[in-house]
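Single-structure report; data block below.
Bear in mind these aren't lab numbers, they're just calculated from the coordinates by the rules spelled out. The structure presented is a predicted model; accordingly, all values stated were derived computationally and were not measured. In this analysis, Cβ positions are derived from the backbone assuming ideal geometry, glycine residues included, and neighbour counts consider all displayed protein chains.
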Amino acid sequence: MTGLMQPVSLGTPRKLLDVGKLHALGWQANIPLREGVEATYQWYLRHLASARAVA
């Protein structure tokens, strides 16, 4: 032991998606990320009332 302190994590570790294997298989996204997130959010807003009615 050298007496040096080990680094301490100060939060949730970052989890990054590696699409390299998908690209190697010929896959590519059809929808840009920003557009997909916006479409998902709009879907969520349209269906929020019906989800609350079930709960």
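Taking the Cα centre of the chain as reference, the dipole from Cβ charges on Lys and Arg (+1) and Asp and Glu (-1) amounts to some 120 debye.
When you count the other C-beta atoms within 10 angstrom of each residue and take the mean per peptide, 32-45, 12-25 line up highest first as 32-45, 12-25. Across every direction, the projection of the convex hull enclosing the Cα atoms of the chain has a mean area of 9.1 nm².
Could you work out how far helix 33-54 tilts from the main Cα principal axis of the chain, as a 0 to 90 degree angle to the nearest 10? The angle comes out at about 60 degrees.
Taking only DSSP H segments of four or more residues, each worth -39500 (n - 2.57), what value at 222 nm results for the chain once the sum is divided by all its residues, to the nearest 500 deg cm²/dmol?
Mean residue ellipticity at 222 nm (helix-derived): -15500 deg cm²/dmol.
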